[in-house]
Amino acid sequence: MSEYGEYPGGEKFEPWQDHEWPEHCSVPATYIGEIGERELAAMSGGNVEGFLEEHDAAPTGDPITLDMVPPQAPAEGETWESTIHHFRCTNCGWDLLLWDAS
Ligand SMILES: [Zn+2]
């Protein structure tokens with residue numbers, strides 16, 4: 001069991017770095033998976049940069065910019081050196097984005 005196994009979806013979460021588990025509405029968010037620019041474009045209605053800023057799970061850190069975002073969710077066996085982990089609030093459904101890099 002990974003160190004994140006106690007969180008919703010945590011068994012799928014395999015980050016490069018150690019991260020605080022994102023919370024929203026004072027509850028741990030559910031991990032959905034890795035996403036890239038293609039998925040973010042669909043989720044944001046085209047305003048990817050605004051979406052990255054608004055949904056940053058760690059807003060006190062460096063902002064997530066487009067050059068940190070991979071082109072798309074990784075295919076099976078594919079890894080991105082710089083990637084975006086997608087979480088969703090377990091309570092209200094708000095999307096949370098966590099940047100992670102090797
Ligand atoms: Zn919420």
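The values are calculated or read from the model by the stated rules, or taken from the named source; none is laboratory data. All values derive from a computational prediction rather than experimental measurement. Here Cβ is always computed from backbone atoms with ideal geometry, including for glycine, and neighbour counts include all displayed protein chains.
What to note about this one:
- Scope the range 7-32; condition more than 16 Å from the ligand (Cβ to nearest atom) and in contact with a Phe, Trp or Tyr (Cβ under 9 Å, 6 or more places away or on another chain); matching residues: 10, 11, 12, 13, 14, 15, 19
- Number of the exception - residue 91 against (1) in contact with a helix residue (DSSP H, G or I) (Cβ under 8 Å, 6 or more places away or on another chain); (2) within 16 Å of the ligand (Cβ to nearest atom); (3) more than 13 Å from residue 33 (Cβ to Cβ): (1)
- The range 52-67: number of residues that are at pLDDT 95 or above, hydrophobic (A, V, I, L, M, F, W, C) and closer than 20 Å to residue 21 by Cα: 3
- Pairing residues of the range 36-53 that are hydrophobic (A, V, I, L, M, F, W, C) with residues that are crowded, with 17+ Cβ neighbours inside 10 Å and not in a helix (DSSP H, G or I), at Cβ distances under 7 Å and at least 6 apart in sequence or on separate chains, gives 40/69; 43/95; 52/64; 52/97.
- Strands (runs of 3 or more DSSP E) enclosed by the chain - at least 2 residues per element that are of a type in the set (S, T, N, Q): 82-88
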